[in-house]
Amino acid sequence: MVDFELLSRIGLTQYERQTLVALLKCGFADAATLCQVGEIPTSKIYQATERLESLGLISVQRSRPRQFAAMSASAVVERIGQIAREEAENIAQESQRLVKVIEDAQGTSKPTSGFADVAMGRMQHVRRHVASLAGANKSIISYLELPDVLAIYAAKKEGFNVLSSIRKNVEAQNIPHRIVFGFGPRDAPILMQFLRDFHKELRSATGVRYSGLLGHPFHVVDEETVILSLDNPFLLERRFSSLMLRSPELAAPMCTGFDELWKKSMRSLKEIDCDPRLTFPKA
């Protein structure tokens, strides 16, 4: 069962996980067989199968005795990913409502600066820091490089499309989101592929431009929250941590610098000279 602990992340109880695993082993079985194979109490089996059926993870034949059928392994994995994505979307929507409740409770005593948070690893960077862009109320500016692209790809592979959440908030709030991609010639094919793969998510951006490498990716949210990314070319994942600070004093010069970079950046991919023989690296 250790290998199936991932199922707990979508809210399955111990007996529900044991029931699903037992049915995957049997393929087709009645309740008595599932109890025996999965070591499940008879008092828990029907509650577990009803929940699994409601989640679309098994099929039920309502005969006497009732029979249960497993889906294919690939279908189960696909459905688990779908459930996780649906749950993430629900959490994002609830979080937006919670922001309003907290702001109303704070009244005029809202924090201004002094908050700092460190995220270790590229997945925590995406899930904790980049995801905060989906809570913007006024504006977002983003300077991205190759490690950002790889981190976003990796998060989507695990079922978390952070750009989709950001897009929905940007469209709902009608706020500007400007993005500058910093890429060298060798990275240009990866950038082109990224823009194709995330075309839907990037359509709400106020503008996307392209620049030479600066080496210091960052985001500024609502002109007060700054996210600074830390990378190392000798690490497989590149992005090893990020720092998020709520500091209008730091955000102000970064916004000014971004505006200057924006004016100098390329408007079209046609200005990028790339080698089409280069291949896309593994995320």
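Every number here is computed from the coordinates shown, using simple stated rules; none is lab data. Remember, predicted model here, so these are calculated numbers, not experimental data. Here the Cβ is made from the backbone with ideal geometry for all residues, glycine too, and neighbour counts use every protein chain on show.
Taking the longest Cα principal axis of the chain as reference, the axis of helix 146-157 is set at about 20 degrees.
To the nearest 500 deg cm²/dmol, what mean residue ellipticity at 222 nm is calculated for the chain from DSSP H runs of n ≥ 4 alone, each contributing -39,500 (n - 2.57), summed and divided by the residues?
-14000 deg cm²/dmol
Using DSSP, restrict attention to beta bridges with both residues in region 111-271 and report what percent are antiparallel, rounded to the nearest 5.
70
Which of the three applies to region 129-219, rounded, prolate or oblate, going by the alpha-carbon gyration tensor with a ≥ b ≥ c and a/c under 1.5 meaning rounded? Since a/c reaches 1.5 and a/b is larger than b/c, the shape of region 129-219 is classed as prolate. Is region 111-271 best put as rounded, prolate or oblate by its Cα gyration tensor, with a ≥ b ≥ c the root eigenvalues, rounded for a/c under 1.5, and otherwise prolate when a/b is larger than b/c, oblate when not? Rounded.
Compute the longest continuous run of the chain that contains no exposed GluC sites (Glu not before Pro); treat a site as exposed when its DSSP state is not H, G, I, E or B and it has at most 13 other Cβ atoms within 10 Å. The answer is 159-283. Going through (i) 197; (ii) 173; (iii) 139, the figure that equals volume of the Cα convex hull per residue in Å³ as computed for the structure here is (ii). Of all DSSP beta bridges in the chain, what percent run antiparallel (nearest 5)? Looking only at bridges with both residues in the chain, the antiparallel portion is about 75 percent.
Distance from the alpha carbon centroid of region 203-231 to that of region 18-83 works out to 47 angstrom.
A full extension of the chain between D222 and E171 corresponds to an added length of 16.8 nm, given 0.36 nm per residue minus the alpha carbon distance.
As a rough footprinting exposure proxy, the listed residues M71, M244, M266 were ranked by other beta carbons within 10 Å of their own, and the order from fewest upward is M266, M71, M244. Summarised in one figure, the compactness ratio Rg/Rh of region 174-260, Cα atoms and Kirkwood Rh, is 0.97.
Across the chain, where is the longest run that never hits trypsin sites (Lys or Arg not before Pro) in a DSSP loop with at most 12 other C-beta atoms within 10 Å? Answer from the scan: 63-137. Per-residue Karplus couplings for region 78-84, computed as 6.51 cos²θ - 1.76 cosθ + 1.60 with θ equal to phi - 60°, are listed in order as 4, 5, 4, x, 5, 4, 4 Hz, Gly and Pro entered as x.
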